[in-house]
Amino acid sequence: MPANPITKAIIPAAGLGTRLLPATKAQPKEMLPVGRKPAIQYVVDELQDAQLRDILIITGRRKRSIEDHFDADPPLVAALKRAGNEALLQDLAFLEGRSRFFFTRQSEPQGLGHAVSLGADFVENQNCVVALGDSLIGGENPDAPLRAMMNAHLSLGAAAIIAVEIVPPDETFRYGIIDVGAMEPTPGEPMVVNDIVEKPPAGTEPSHLAVAARYVFSPIIFEALSRIVPDRQGELQLTDAIRWLVRMEQPVYAWLLNPAHKRYDVGNFESYYRAFIDFALADERYGYMVRKYIKALAYEL
Ligand code: G1P
């Protein structure tokens, strides 16, 4: 057991979901189903499997169903027990005390950095994980990257470790982009971050290494968040706080995800459909039916 195990995680889930209207008119994008579970439950499962015991979800207006979803439901469990429905009881196992849930609200869209800053009291001067509520990790053992990042964070004494993925050149403007100088990116090997920039205009990106929705931070991130100023849209960017850490010569590392652990973003329809299809195909209960259907359909396409 490491000397200072990481037990706390923040899931920012306050984004408006405008790109998914009308599906998100009255429900959070994080609650859209991806196969048999709402998107955010994959994130919670990943954090629980990584032994994160305390999970703070940053919600917002029209996000109350997230709280309901993670609330224990003794009458429902009792009814399923009476009916002897083991399969459904198993599906609700995520409610059984593997972690404690906390919620706070971001009342106005003031940016990802502001959302994370709302977790300062919850984190109480410890290391913490930040996992974006609209980004899922696919593949076997989706918690493996986070576990490895947490171990590396402790052994390196890092201020921050940031998961990254390689994106096509014409997509870098959608992400936080990391500069690791001449270092050859290798999955699972920490790379010292020289700089980081949020959504650089096309052609100005320092690399194709995009921030991939999973972070491990030392408590100094909250000082960084209190030092930065809002961007032109009036939003406080987490990327700018990480940049502040780099400028302060704090040890900040990037962690390239293994291609076996693909990241899915449910923030727009194209990637949401992709996520749904891949997770439905990987479903151990219904995947074979989906595969059969898609194979038959492919003949007609
Ligand atoms: C956020 C971060 C960005 C990151 C992305 C995916 O952007 O600000 O740095 O690359 O998530 O993890 P958003 O998708 O909220 O615009």
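Please find, among Glu86, Glu67, the residue that is more than 28 Å from His153 (Cα to Cα), touching a Phe, Trp or Tyr at 6+ places or on another chain (Cβ under 6 Å) and surrounded by fewer than 20 Cβ atoms within 10 Å (Cβ to Cβ). Before the answer, list the steps.
Details: Glu86 fails: touching a Phe, Trp or Tyr at 6+ places or on another chain (Cβ under 6 Å).
Going through Glu86, Glu67 in turn, the sole match is Glu67.
Return yes or no: is Ile57 touching a residue at least 60 places away in the same chain (Cβ under 8 Å), in a strand (DSSP E or B) and either out of contact with any Pro (no Cβ under 9 Å at 6 or more places or on another chain) or among the hydrophobic types (A, V, I, L, M, F, W, C) (or both)?
Details: touching a residue at least 60 places away in the same chain (Cβ under 8 Å): yes; in a strand (DSSP E or B): yes; either out of contact with any Pro (no Cβ under 9 Å at 6 or more places or on another chain) or among the hydrophobic types (A, V, I, L, M, F, W, C) (or both): yes.
Yes, satisfied.
Of the conditions (1) within 19 Å of Asp54 (Cβ to Cβ); (2) away from the ligand (no atom under 14 Å from the Cβ); (3) in contact (Cβ under 8 Å) with a residue 12 or more places away in the chain; (4) in a helix (DSSP H, G or I), Val116 satisfies every one except a single condition; which number is it?
(2)
Here are the criteria: (1) over 26 Å from Thr18 (Cα atoms); (2) of a type outside the set (Asp, Glu); (3) not in a loop (DSSP other than H, G, I, E, B). Tell me which single one Pro259 does not satisfy.
Just one mismatch for Pro259, condition (3).
Taking only segment 212-237 into account, find how many residues are over 21 Å from Thr7 (Cβ atoms) and among the aliphatic types (A, V, I, L, M).
The qualifying residues number 5.
From the residues in segment 235-247 that are in a helix (DSSP H, G or I) and in contact (Cβ under 8 Å) with a residue 60 or more places away in the chain, which one is farthest from the ligand (Cβ to nearest atom)? Walk me through it before giving the result.
As a first pass, look at segment 235-247 and keep what is in a helix (DSSP H, G or I): 238-247.
Still in the running and in contact (Cβ under 8 Å) with a residue 60 or more places away in the chain: 238-242, 245.
On the way: Leu238: 6, Thr239: 5, Asp240: 10, Ala241: 11, Ile242: 9, Leu245: 14 Å.
If we take residues in segment 235-247 being in a helix (DSSP H, G or I) and in contact (Cβ under 8 Å) with a residue 60 or more places away in the chain, then Leu245 is farthest from the ligand (Cβ to nearest atom).
Going by what's in this entry, would Glu189 be described as among the acidic types (Asp, Glu), under 25 Å from Leu47 (Cα atoms) and at pLDDT below 95? Explain how you work it out, then say what you get.
On the way: among the acidic types (Asp, Glu): yes; under 25 Å from Leu47 (Cα atoms): yes; at pLDDT below 95: yes.
Spelling it out, Glu189 is indeed among the acidic types (Asp, Glu), under 25 Å from Leu47 (Cα atoms) and at pLDDT below 95.
Within the bounds of segment 149-170, is there any residue that is within 15 Å of the ligand (Cβ to nearest atom) and part of a loop (DSSP other than H, G, I, E, B)?
Yes; the residues of segment 149-170 include at least one that is within 15 Å of the ligand (Cβ to nearest atom) and part of a loop (DSSP other than H, G, I, E, B).
Pull up segment 140-193, narrow it to residues that are more than 17 Å from the chain's Cα centre (by Cα) and of a type in the set (D, E, K, R), then point me to the one that is nearest to Val216 (Cα to Cα).
Among those residues, the one meeting the criterion is Glu189.
So that you can scan it fast, the table gives a plain yes or no per residue for (1) within 16 Å of the ligand (Cβ to nearest atom); (2) modelled with pLDDT under 95; (3) surrounded by 20 or more Cβ atoms within 10 Å (Cβ to Cβ); (4) under 17 Å from the mean Cα position of the chain (by Cα):
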site: Ser218; (1), (2), (3), (4): no, no, yes, no
site: Glu223; (1), (2), (3), (4): no, no, no, no
site: Gln233; (1), (2), (3), (4): yes, yes, no, no
site: Glu249; (1), (2), (3), (4): no, no, no, no
site: Val252; (1), (2), (3), (4): yes, no, yes, no
site: Pro259; (1), (2), (3), (4): no, yes, no, yes
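Take Ala213 and tell me if it is more than 16 Å from the ligand (Cβ to nearest atom), within 28 Å of Ile58 (Cα to Cα), crowded, with 17+ Cβ neighbours inside 10 Å and not aromatic (Phe, Trp, Tyr).
Working: more than 16 Å from the ligand (Cβ to nearest atom): no; within 28 Å of Ile58 (Cα to Cα): yes; crowded, with 17+ Cβ neighbours inside 10 Å: yes; not aromatic (Phe, Trp, Tyr): yes.
Taking the combined requirement at face value, the residue does not satisfy it.
When you go through (1) within 16 Å of the ligand (Cβ to nearest atom); (2) within 18 Å of Gly267 (Cα to Cα) one by one for Glu46, which number turns out not to apply?
Failing condition for Glu46: (2).
Take the residues of segment 12-22 that are at pLDDT 95 or above and assigned to a loop (DSSP other than H, G, I, E, B): which is nearest to the chain's Cα centre (by Cα)?
It comes out as Ala13.
Considering only residues that are within 15 Å of the ligand (Cβ to nearest atom), of a type in the set (Asp, Glu) and more than 27 Å from Leu118 (Cα to Cα), which ones fall in segment 188-210?
Glu205
I'm trying to understand the selection: among the residues of segment 262-290, which are part of a helix (DSSP H, G or I), within 14 Å of the ligand (Cβ to nearest atom) and either of a type outside the set (Asp, Glu) or surrounded by 17 or more Cβ atoms within 10 Å (Cβ to Cβ) (or both)?
Passing the criteria: Ser271, Tyr272, Ala275.
Scan segment 93-113 residue by residue and report those that are closer than 17 Å to Ser65 by Cα and in a helix (DSSP H, G or I).
Across segment 93-113, the qualifying residues are Phe94, Leu95.
Would you confirm, using the coordinates I've provided, whether Arg147 is surrounded by fewer than 17 Cβ atoms within 10 Å (Cβ to Cβ), modelled with pLDDT of 95 or more and within 30 Å of Leu281 (Cα to Cα)?
Values: surrounded by fewer than 17 Cβ atoms within 10 Å (Cβ to Cβ): yes; modelled with pLDDT of 95 or more: yes; within 30 Å of Leu281 (Cα to Cα): yes.
Criteria met by Arg147.
The values are calculated or read from the model by the stated rules, or taken from the named source; none is laboratory data. Everything quoted here is computed from the prediction, not taken from an experiment. Using ideal geometry, Cβ is built from the backbone for each residue, glycine included, and neighbour counts are taken over all protein chains shown.
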